[in-house]
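Working notes, structure below.
The values are calculated or read from the model by the stated rules, or taken from the named source; none is laboratory data. Nothing here was measured: the structure is a model prediction, and the numbers come from that model. So basically every Cβ, Gly included, is an ideal-geometry build from the backbone, and we count neighbours across all protein chains shown. The protein model used for the area step is the full one, side chains on, heavy atoms only, and it has no ligands, DNA or RNA in it. Shrake-Rupley method; radii C 1.70, N 1.55, O 1.52, S 1.80 Å.
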Amino acid sequence: MWIAIAVGCVGCFALKLVGLSLPRRVIEQPLVKHIAELLPVALLTALIATQTFTSGHRLQLDARAAGLVAAAIAVRFKAPFLVVVALACVVTALVRLAA
């Protein structure tokens, strides 16, 4: 396990070093800027999907999906962040209570 952590640390450091070593002309290209803007959104979406629809090594559809749907609806109606989180928690809890 410690070897995997060490390899991950070295890999992250190397990736950051490569990013800092790139010439400015590469970083300022429109395609690179566009990808850099979209990458955090893609990573966050993958994290949300993984945490919502998996349990261990299996896909699972449970109360978390209902909370996610409630949060998505709240975001659609431009609710404040704390309202979105609270609504997702309440809906998830109610679905778990009902089950």
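Brief remarks follow.
- Pairs are defined by a Cβ separation below 7 Å, a sequence spacing of at least 6 or placement on different chains, a first member in the range 67-90 that is more than 16 Å from Thr52 (Cα to Cα) and free of Cβ contacts under 8 Å to residues at least 12 places away in the same chain, and a second member that is part of a helix (DSSP H, G or I) and among the hydrophobic types (A, V, I, L, M, F, W, C); the pairs so defined are Val75/Val84; Val83/Ala74.
- Here Glu37 meets each of (1) surrounded by 11 or more Cβ atoms within 10 Å (Cβ to Cβ); (2) under 18 Å from the mean Cα position of the chain (by Cα) with one exception, condition (1).
- Among the residues of the range 73-84, the ones that are open to solvent by 60 Å² or more (accessible area, probe 1.4 Å) and either part of a helix (DSSP H, G or I) or among the β-branched types (Val, Ile, Thr) (or both) come to 6 in all.
- Meets criteria (surrounded by 10 or more Cβ atoms within 10 Å (Cβ to Cβ) and under 19 Å from the mean Cα position of the chain (by Cα)) for Cys9: no
- Evaluating Ile3 against the criteria (1) more than 22 Å from the chain's Cα centre (by Cα); (2) of a type in the set (A, V, I, L, M); (3) surrounded by 10 or more Cβ atoms within 10 Å (Cβ to Cβ) leaves one unmet condition, (3).
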